[in-house]
Amino acid sequence: MKLIHDHSAPDDAARRRAVPPVICYPVEGLARPDMAPFRAARAGWTKVAEVLVPARKARCFAVGAGQFFRITSVEGPQVGDLNLWSAVDLRERFYSGKTRALHGTHLSTGDRMWSSFPFLRPMALITDDALDWYGFDDFGGAVHDVIGTRCDPYTHNLLSGGGQYHHCCHSNLTCALADWTGLPLREAEGHVHYVLNVFMCTGFTRDTGQYFMKASPVRPGDYLEFFAEIDLVGGLSACPGGDCSAEHSSDAARCHPLLVEVFEPVAPPSGWVAPVVNGYDRSHGR
Ligand SMILES: [Zn+2]
């Protein structure tokens, strides 16, 4: 007789495990952007803004719809945590979970950053990635993930037995958004969300499925480039983990600044149309 807690594999376990996976969201219904007009639109563009994000700090920046922005490694290997908000409504913000479901665990050229419900439209399109050569390494690691959350002082407190560390990306982004908007700190904190981990090299261990990080392959001069589909406010934190080769939530890692540059093209990419908010009627069947 089987004990109630005996979860030994059933006779057909192998057959059940052998069922092939299906892609959750076949993206054939999403037109893959033709990148040529976006590349062409760079010719003769003008740099209209530049922000140097200091090590272990964050800064906000504005990018208009139809403009490009680049995040560039300067001085040394450094990862960045990126938040995006609609410039007209902070409730519309980057939705990393849905972006992951649509594009996979790590983003590169041709992938879009999608916004939260009920908006669910492209906020930005990645138009160039200097690290696109990296792919997936033998550990299952890749660059620019949408699986991590952002380093934060609450998890640090939990895991360190009560430690107080104030320069996690979560706190940095909170302070940067408070400075940018004039919102009180606690109100600004509520708008900080799951990030795109720019330049960070991450994956899941094959044996235990744990989230891992390893030294970023980024070097000074490498960049990730975006096209803004709507008017954006960006927030970028130069993570206290530096290149994330060892740890974060401390002042031990070597950290470097990150450069954000905003470019105005001579003309919008041909064929580009600013995306409207999602077409679902929000009746939910009632
Ligand atoms: Zn961080």
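Which residue out of Val233, Val198 is within 16 Å of the ligand (Cβ to nearest atom), open to solvent by less than 50 Å² (accessible area, probe 1.4 Å), modelled with pLDDT of 95 or more and aliphatic (A, V, I, L, M)? The match here is Val198. In summary, Tyr154 fulfils each of the numbered conditions (1) over 22 Å from Cys24 (Cα atoms); (2) touching a residue at least 60 places away in the same chain (Cβ under 8 Å) with the single exception of condition (2). Taken together, Gly241, Gly221, Gly235 contain a single residue that is within 28 Å of Glu50 (Cβ to Cβ) and touching a His at 6+ places or on another chain (Cβ under 6 Å), which is Gly241.
Report yes if Asp251 is of a type outside the set (A, V, I, L, M, F, W, C), in a loop (DSSP other than H, G, I, E, B) and under 19 Å from Leu131 (Cβ atoms), otherwise no. When the stated conditions are applied, Asp251 does not pass them.
Being within 21 Å of the chain's Cα centre (by Cα), closer than 19 Å to Ser86 by Cβ and more than 15 Å from the ligand (Cβ to nearest atom) is a condition met by at least one residue of the stretch 159-179.
Here the helices (runs of 4 or more DSSP H) wholly within the stretch 89-195 that include at least 3 residues being crowded, with 22+ Cβ neighbours inside 10 Å are 169-181. The residue list Val218, Val276, Val266 contains one member that is at pLDDT 95 or above, in a loop (DSSP other than H, G, I, E, B) and closer than 30 Å to His166 by Cβ, which is Val218. Per this entry, Met213 is not counted among residues that are open to solvent by less than 50 Å² (accessible area, probe 1.4 Å) and within 16 Å of the ligand (Cβ to nearest atom).
The values are calculated or read from the model by the stated rules, or taken from the named source; none is laboratory data. Predicted model, so just to flag it, every value in this text is computed and none were measured. Positions of Cβ are backbone-derived with ideal geometry, glycine not excepted, and every protein chain shown enters the neighbour counts. Accessible surface areas use protein heavy atoms only, side chains included; no ligands, DNA or RNA. Shrake-Rupley method; radii C 1.70, N 1.55, O 1.52, S 1.80 Å.
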